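Following: one structure in structure tokens, then a few remarks.
The values are calculated or read from the model by the stated rules, or taken from the named source; none is laboratory data. Small disclaimer: the values here were computed from a predicted structure and weren't measured. A quick note on method: Cβ atoms are made from the backbone with ideal geometry, for glycine too, and the neighbour counts reach across all protein chains shown. SASA here: full protein model, heavy atoms, side chains in, ligands and nucleic acids out. Shrake-Rupley method; radii C 1.70, N 1.55, O 1.52, S 1.80 Å.
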Amino acid sequence: MKALIKKDTIKTLTTHYIDGVFVESHGREVMDIIRPTDRQIIGRVTLADEEDTRRAIAAAKRAFTSFGGSTKEERAEILRRLHEAFAARIDDLTDAMVEEYGAPAVFCRAMMESAANIFLSAEKALHELPLTRSWGKTTVTLEPVGVAGLITPWNANSFFLSAKLASAVAAGCTAVIKPSELSSLQTQVWLACVQAANLPNGLCNVVIGRGDVVGAEIVRNPDVAKISFTGSVAVGKSIMRDGAATMKRVTLELGGKSPNILLEDVDLDKAIPTSLAIALMNSGQACVAGTRLLVPKTRLSAVKEAISETILNFPVGDPTNPKTAVGPMVTQKQYDRVQTYIRKGIEEGAEVLVGGEGRPRGLEAGYFVKPTVFVNVKNDMTIAREEIFGPVLSVIAYDNEDEAIRIANDTSFGLHAYVNGTDVARARRVASQLLAGRVAINGLVDDQQAPFGGFKNSGVGREFGTYGIEAFLEPRAILES
Ligand code: NAD
């Protein structure tokens, strides 16, 4: 399917944000921005090159000489200003995310509210985090690590940019940011918020470009001390490997294949709507999506029936409609990827309960897929092992609690897990045995002070709260005789 051109609405972006001002791109490559609902070209962005990136790094390095010595109160003040600036533009941030990325409006609004609130959460965490500790003749201070490179994916770009910037600022670091090139329009609104917050020049620099150009320069540049990356496992591994040459500190937030365990005593009236919401959130393009639903064999037929009925409450369609639960995939590539996995699931013997291959009727213009639930899935099938990043749920049956825990942990990922049951003590006991950075009991819960990050291939390090700030700090001990 080819993208369509509608000239009158095309937005042209040719600048990057360096040292507090918008500067024309030195890089010359131009990329089309395609709206996923109808494949219209809605913008063109001129991508940065290595030279743009080096200028941004130099600006961040200059700014660090003063901001690196800022007090807690000075950082807190900036975080409050950022919060106010973002809170004032929630509508615009939401609209940009819906248009450019295609996620359902309700989801986008919630994410953008979180993006505004994360600055206050970081401020609270900063106040709670002692930056100096001493005993006897020893004093330990937590020092900002230096210039931080922040690299984000397309699936909630503005939220990730905010979360990473909030922790970096709280720690006293300056930043060079490479948003996903697929989020260029959203990044303009995000930047308008940053500008409104009136930060010191060079504290926050944003270069829009390709990963293998701008991202690679940030990773290799010796003036960048730390990388905080959210994205795929493959790129995360390359950052860890290439960053070793300059001994980069790294935080890697990578993929997931999260288990969602329904315990025997689960209340299906509550758990099935919640489980579908967890699987289909952000049209399934969510690292924390609960995409393996583990069901006791004794409840399997009831679960199948409940899913078949409840999925009707998760309509796919126009993401601007507040009733829509699933929007289009972000790109043709992502659409093709999801189709390939659905086909693979069928070929490997899983049974399609709802959905299947192809586009939903009436939605042929965009990158829409059918929300799909597979049953009779074995945990060694490809659809149960690999991250699909689309609205595809695999239902896996188990015999007893021990087997559920074993299947849940039998994955190369460990980002998130979910447990549902009426006996909360039992749910807690199961949760404590799951190898995941976060385990949510009976629902989709968030806490911006709780650490976020993964075990195993889901990454290295943690974000949010004091954990997220510590990732940008380096302890220095001063010992007196
Ligand atoms: P991606 O890894 O392709 O790209 C992420 C970012 O890295 C983009 O900005 C990209 O331009 C950049 N990049 C690409 N190559 C690079 C290189 N060589 N050096 C430096 N930067 C480079 O991921 P994506 O397709 O944008 O996003 C989807 C992935 O992100 C999924 O795997 C998903 O699970 C993951 N994700 C993880 C989390 C989390 O918090 N754990 C959250 C959201 C998404």
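Things to note:
- Within the set Thr291, Thr246, the sole residue that is crowded, with 23+ Cβ neighbours inside 10 Å and more than 14 Å from the chain's Cα centre (by Cα) turns out to be Thr291.
- Only residues that are without any contact (Cβ under 8 Å) to a residue 24 or more places away in the chain and either closer than 20 Å to Val176 by Cα or open to solvent by 60 Å² or more (accessible area, probe 1.4 Å) (or both) were counted across segment 62-94, and they come to 6.
- Residue check: Ile342 meets all listed conditions (1) without any contact (Cβ under 8 Å) to a residue 40 or more places away in the chain; (2) outside any loop (DSSP other than H, G, I, E, B); (3) not aromatic (Phe, Trp, Tyr) but one, namely (1).
- Output for segment 193-210, where each listed residue is open to solvent by 30 Å² or more (accessible area, probe 1.4 Å) and away from the ligand (no atom under 16 Å from the Cβ): Gln195, Ala196, Asn198, Pro200, Asn201
- Selection count, segment 211-236, where residues are hydroxyl-bearing (Ser, Thr, Tyr), surrounded by 24 or more Cβ atoms within 10 Å (Cβ to Cβ) and near the ligand (Cβ under 9 Å from one of its atoms): 1
- Residues of segment 342-367 classified as crowded, with 19+ Cβ neighbours inside 10 Å and out of contact with any strand residue (DSSP E or B) (no Cβ under 6 Å at 6 or more places or on another chain), total: 2
- Test: residue in segment 113-127 that is of a type outside the set (S, T, N, Q), under 29 Å from Phe314 (Cα atoms), touching a residue at least 40 places away in the same chain (Cβ under 8 Å) and surrounded by 24 or more Cβ atoms within 10 Å (Cβ to Cβ): yes
- Across segment 128-164, the number of residues qualifying as touching a residue at least 24 places away in the same chain (Cβ under 8 Å) and not in a helix (DSSP H, G or I) comes to 22.
- Scanning segment 409-468 for residues being farther than 14 Å from Leu254 by Cα and not β-branched (Val, Ile, Thr) gives a total of 31.
- Lone unmet requirement of (1) within 15 Å of the ligand (Cβ to nearest atom); (2) open to solvent by 50 Å² or more (accessible area, probe 1.4 Å); (3) not in a helix (DSSP H, G or I) for Thr251: (2)
- Selection of segment 267-281 for residues being open to solvent by 10 Å² or more (accessible area, probe 1.4 Å) and away from the ligand (no atom under 16 Å from the Cβ) yields Asp267, Leu268, Asp269, Lys270, Pro273, Thr274, Ala277.
Yes/no per residue for (1) within 18 Å of the chain's Cα centre (by Cα); (2) farther than 30 Å from Ile478 by Cα:
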| site | (1), (2) |
| --- | --- |
| Gly102 | yes, yes |
| Arg109 | yes, yes |
| Glu123 | no, no |
| Leu126 | no, no |
| Val140 | no, no |
| Phe160 | yes, yes |
| Ala192 | no, yes |
| Asn198 | no, yes |
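- Among helices (runs of 4 or more DSSP H) entirely within segment 376-479, having at least 1 residues that are within 16 Å of the ligand (Cβ to nearest atom), on the phi < 0 side of the Ramachandran plot and open to solvent by less than 10 Å² (accessible area, probe 1.4 Å) singles out 382-385, 465-470.
- For Gln339, the criteria (1) buried (at least 16 other Cβ atoms within 10 Å of the Cβ); (2) under 24 Å from Ser458 (Cβ atoms) hold in every case but one, which is (2).
- Thr174 vs. criteria more than 10 Å from the ligand (Cβ to nearest atom) and open to solvent by 10 Å² or more (accessible area, probe 1.4 Å): no
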